[in-house]
There are 2 protein chains.
Amino acid sequence: MTIKAYASAAPGKPLELLEYDPGDLGPNEVEINVEYCGVCHSDLSMLHNDWQITQYPLVPGHEAAGTIGKVGADVKTLKPGDTVGLGWMSSSCMHCDECMSGDHNLCQSSEASIVGRHGGFANRVRASEEWVVKLPDGFDLKSAGPLFCGGITVFNPILQHRISPTSRVGVVGIGGLGHMALQFLNAWGCHVTAFTSSESKIAEAKEMGAHDTLNSRDDAELEKAANSFDMILVTVNVELNWNLYISLLRPRGVLHFVGAVPDVTAAIFPLIAGQKSIAASPIGSPRNIKRMLEFSHLHNIKPVIETFPMSKVNDAMAHLEAGKARYRIVLENDIN
Amino acid sequence: MTIKAYASAAPGKPLELLEYDPGDLGPNEVEINVEYCGVCHSDLSMLHNDWQITQYPLVPGHEAAGTIGKVGADVKTLKPGDTVGLGWMSSSCMHCDECMSGDHNLCQSSEASIVGRHGGFANRVRASEEWVVKLPDGFDLKSAGPLFCGGITVFNPILQHRISPTSRVGVVGIGGLGHMALQFLNAWGCHVTAFTSSESKIAEAKEMGAHDTLNSRDDAELEKAANSFDMILVTVNVELNWNLYISLLRPRGVLHFVGAVPDVTAAIFPLIAGQKSIAASPIGSPRNIKRMLEFSHLHNIKPVIETFPMSKVNDAMAHLEAGKARYRIVLENDIN
């Protein structure tokens, strides 16, 4: 049975309905009936071929939420009817050192959901069993999708650095990723500071969990916060004054990037003297996605979403590109 | 009683004998009768005022080894006759968050042994009790000094990153610091690779603990080692192709700097995709110096030294500056 999806034929072309034959379902694959799909800035980057890895026609969408329709012959952990999500990655080799260490997100033979294959702006999407994670019972399906890429991307560094609830953490950029980071870190018990240059986001950042805010582009204001953060999580993709941000870290602090900023340059002496570091990470492993979902369910953490019918996907992309999303767009499938 | 020391009066001036009155011994201070003092590249940098923090006359020397001569009224842990060492730092505030966490090396009010005070190229040197660490019984005094700065500087990252004996670690630059790192890491159980551009050091690097070597300036040779190191410890102070070095790290790997290289610039995508990081550190805490000394004693780890009489200190500095030291110079006190 063909899949109906929204595809772009070339860089800059709008998304148009495409029907494609997905072929036989692989023994380790599952097929998800997509009910919702979040829209991530990476979908825009892929549409524009910013990273030179896009294959056209491109069906974007890597924050899918829905129910399992079919499972392959060897699938062990999922069955038709299960409510699940699918994020940036759609399969890993399962046998390399990284996979065997539980770091499937670092597998160098992994497939991404929308690189060389068709994603979740569709009525159905397929992926390998290991990257399709069941939602906790009662989890809100409509807001689940954005957790599978934006959410896990900011949750992963909290685990990676074993952030303590007694830590002070800053979040730079209060958008699709940052607004979820505020919620996670607040529930984690941390003192949370939102760095934003948008006056309009200050009140909302506080509602979402920030204890205070700083203007990310006001050097004089930032300097007053010198030596006060254990981690600063950078979710923007623009260049800021990183040496200044490093000065805001306490000794042993880490400046952590999840956004695709240009090359990072830093002076070495402040890093040496304060035993500070610069780190970066992609999404997290399936096991950590599961941990994030359980934590989110317990603490009622949800992305703040705006919904568009999937048939209005081009309007949604324009809304995102204009910087107007507050804070994550979710497409609702109306093309069945 | 005056102290006899070798001092430089201005940038570029040779070291000449100086007698100075150290004043009363502070209640928390001890005075060390210097028997040996290692020579570190930082002594050269301070002599040249490379870091713009030198106060003249400058008495260099921050790898002193000797016996306690006098102790202040409130000193609790040391007594006259104890064999001890003193490194880069000479006091910490003991009360800030860093000191109270055991990270006295990260205290922002700490004093360095040769910044604004006189160091160990002298017959006696003073420091606050907490930074003067007793040697294990039977420890070789002549080779102890270099452990207190060069040694702890490369031992600290092994502790900081909780390096496992199953890790593969590279050491870039086989000099005063690097040759001690090879010994520590070999005794730690790691697979150790020495990165050097000196053909003449290859055989010696293997004797000191390297299981293999790579040419640090041969990009083609380095590329073959892609994706194979858990940590690469950079002890040089020159710029190398850091993006290439980052590609040699396995996922979760860290590129760690202890040398004062120029600004570090790195592309963000390889850091994100591999969850890799860039870190840096100064010397370690007094508690970790003690751990290092115990580990060194157990495993018979010693710097490889060349000795000069302290009265020939200018010859020693010239030898170091010419890049001829194999591998650490130690001055032997002959000015009592």
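Coordinate-derived values only; no laboratory data. All of these numbers come straight from a predicted model, not from anything done at the bench. We place every Cβ from the backbone using ideal geometry, glycine too, and count neighbours over all the protein chains shown.
On the beta carbon distance between A:LYS290 and B:THR67, with R0 = 35 Å, the FRET formula returns roughly 0.05. Note on B:TYR245, A:TYR6: ascending count of other Cβ atoms within 10 Å places them as B:TYR245, A:TYR6, the fewest first.
Exposure proxy for A:GLU321, A:GLU129: other Cβ atoms within 10 Å of each Cβ, ordered fewest to most, give A:GLU321, A:GLU129. Label-point spacing at B:LEU298 relative to the other copies reads 3.7 nm, in ascending order, each point sitting 7 Å out from Cα along Cα→Cβ. Could you state the number of Å between the C-alpha centres of segment B:190-210 and segment B:32-99? Each part reduced to its Cα centre gives a spacing of 31 Å.
Across chain A, the convex hull enclosing all Cα atoms gives 128 Å³ per residue. Angle of helix A:150-160 to the longest C-alpha principal axis of chain A, folded into 0 to 90 degrees and rounded to 10: 50°. Rounded to the nearest 20, the Cβ-based charge dipole of the protein assembly as shown about its Cα centre (Lys and Arg +1, Asp and Glu -1) stands at 820 debye. Annotation: Cα Rg of segment B:151-280 relative to the compact-globule expectation 2.2 N^0.38 Å equals 0.94.
Just checking the listed ones, B:GLY38, B:GLY138, B:GLY151: in the Gaussian network model of chain B with Cα springs under 10 Å, the one fluctuating most is B:GLY138. Legend: mean number of C-beta atoms from other chains within 10 angstrom of residue C-beta atoms, peptide A:278-290, equals 4. Remark: the Cα gyration tensor places segment B:5-161 in the rounded category, a/c being less than 1.5. Simple spin-label estimate for A:ALA10 and A:MET94 gives 4.0 nm between the two label positions (7 Å along the Cα-to-Cβ direction from each Cα). With the Cα gyration tensor of segment A:254-336 giving a ≥ b ≥ c as the square roots of its eigenvalues, does the rule (a/c under 1.5 for rounded; else a/b larger than b/c for prolate; else oblate) give rounded, prolate or oblate? Because a/c hits 1.5 or more and a/b fails to exceed b/c, segment A:254-336 counts as oblate. Taking A:ILE246, A:ILE268, A:ILE158 in turn, the Gaussian network model of chain A (Cα-Cα springs below 10 Å) assigns the largest fluctuation to A:ILE268.
The gain in end-to-end length when the B:ALA225 to B:VAL238 segment is fully stretched comes to 2.6 nm, 0.36 nm per residue minus the alpha carbon separation. For segment B:103-156, the square roots a ≥ b ≥ c of the C-alpha gyration tensor eigenvalues yield an a/c of 1.5 or more together with a/b not exceeding b/c, which makes the shape oblate.
Averaged over the residues of B:90-100, the number of partner chain Cβ atoms lying within 10 Å of the residue Cβ comes to 1. Normalised by the number of residues in segment B:151-280, the mean separation of alpha-carbon contacts (under 8 Å, six or more apart) gives a relative contact order of 21 percent. The trypsin sites (Lys or Arg not before Pro) of segment B:137-181 that meet both conditions, a loop assignment by DSSP and at most 13 other Cβ atoms within 10 Å of the site Cβ, are B:ARG162. Counting only DSSP beta bridges whose two residues both lie in chain A, roughly 55 percent are antiparallel. Label-point spacing for A:SER228 across the identical copies (point 7 Å from Cα in the Cβ direction), in nm and ascending order: 4.7.
One Cα centroid belongs to segment A:125-163, the other to segment A:287-304; the line between them spans 7 Å. Distance between the modelled labels on A:ARG217 and B:LYS324, one decimal in nanometres: 5.8 nm (7 Å Cα→Cβ projection).
With respect to chain A, whose longest principal axis is taken over its alpha-carbon atoms, helix A:286-299 is tilted by about 70°. In percent, rounded to a whole number, the relative contact order of chain B is 18, using alpha-carbon pairs under 8 Å and six or more apart. Bridges between two residues of the protein assembly as shown, per DSSP, are antiparallel at a rate of about 55%.
The fraction of Cα-Cα pairs per 20 angstrom bin, counted from 0 for the protein assembly as shown, comes to 18, 43, 27, 11, 1 percent, rounded to whole percents.
Between A:CYS99, A:CYS149, A:CYS190, the residue with the greatest mean-square fluctuation in the GNM of chain A (Cα pairs under 10 Å linked by springs) is A:CYS99. Each of A:LYS224, A:LYS13 has some number of other Cβ atoms within 10 Å of its Cβ, and from fewest to most they run A:LYS224, A:LYS13. Rounded to 0.05, the FRET efficiency of the B:SER200 and B:ASP24 pair, given R0 = 51 Å and the Cβ-Cβ distance, is 0.50.
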